[in-house]
Amino acid sequence: QVQLVESGGGLVQAGGSLRLSCVASGNIFSINAMGWYRQAPGKQRELVAVVTSGGSTTYADSLKGRFTISRDNAKNTVMLQMNSLIPEDTAVYYCNADLQLINVLGRYRYWGQGTQVTVSS
């Protein structure tokens, strides 16, 4: 019913930048919040940043100032600009959307397949 497709991951040297994008498509009525989470090897998945349909943002405290989340509501797209990357940012980054479906009651959360970000020292 819904697909989230991420792009923009890859290998970058420490101090570099990457920009992730995620497009949501399918039987979508509206999207309440979109965000990014990440999971490093051997660790739990953690919040990176979230943006609501109104533009309010929430960031993991440790990432404020380096990462910026933005959203294009018309295109059901969320972006994550990552600057001054460090090796500890290495993880699989997952897109997430909290949304409502056409002709289906309730709110649902969907995940993308993940995109690998590797930061070399």
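The values are calculated or read from the model by the stated rules, or taken from the named source; none is laboratory data. Everything numeric in this text was worked out from a predicted model, so none of it was measured. We place every Cβ from the backbone using ideal geometry, glycine too, and count neighbours over all the protein chains shown. What goes into the accessible areas is simple: the full protein's heavy atoms, side chains included, and nothing from ligands, DNA or RNA. Shrake-Rupley method; radii C 1.70, N 1.55, O 1.52, S 1.80 Å.
Listed by first and then second residue, the pairs linking a residue in region 1-21 that is farther than 30 Å from Ile102 by Cα to a residue that is open to solvent by 60 Å² or more (accessible area, probe 1.4 Å) and in a loop (DSSP other than H, G, I, E, B), with Cβ atoms under 7 Å apart and 6 or more places separating them unless they lie on different chains, are Ala14/Ile86; Ala14/Ser121; Gly15/Ser84.
Of all residues in region 51-66, those being free of Cβ contacts under 8 Å to residues at least 24 places away in the same chain and either exposed (fewer than 14 other Cβ atoms within 10 Å of the Cβ) or in a strand (DSSP E or B) (or both) number 11. Return yes when Asn83 is under 19 Å from Ser120 (Cα atoms) and not β-branched (Val, Ile, Thr) and no when it is not. Yes, satisfied.
Residues of region 32-50 that are of a type in the set (Gly, Ala, Ser) and either without any contact (Cβ under 8 Å) to a residue 40 or more places away in the chain or assigned to a loop (DSSP other than H, G, I, E, B) (or both): Ala40, Gly42, Ala49.
If you scan region 30-50, which residues turn out to be basic (Lys, Arg) and either modelled with pLDDT under 95 or surrounded by 13 or more Cβ atoms within 10 Å (Cβ to Cβ) (or both)? Walk me through how you get there before you give the answer.
Of the residues in region 30-50, the ones basic (Lys, Arg) are 38, 43, 45.
Those that are basic (Lys, Arg) and either modelled with pLDDT under 95 or surrounded by 13 or more Cβ atoms within 10 Å (Cβ to Cβ) (or both): Arg38, Arg45.
Just for region 69-101: of the residues that are in a strand (DSSP E or B) and hydroxyl-bearing (Ser, Thr, Tyr), which one is surrounded by the fewest Cβ atoms within 10 Å (Cβ to Cβ)?
Applying the filter and picking the extreme gives Ser70.
Among the residues of region 13-29, those identified as open to solvent by 20 Å² or more (accessible area, probe 1.4 Å) and assigned to a strand (DSSP E or B) are Gln13, Leu18, Arg19, Ser21, Val23, Ser25, Gly26, Ile28, Phe29.
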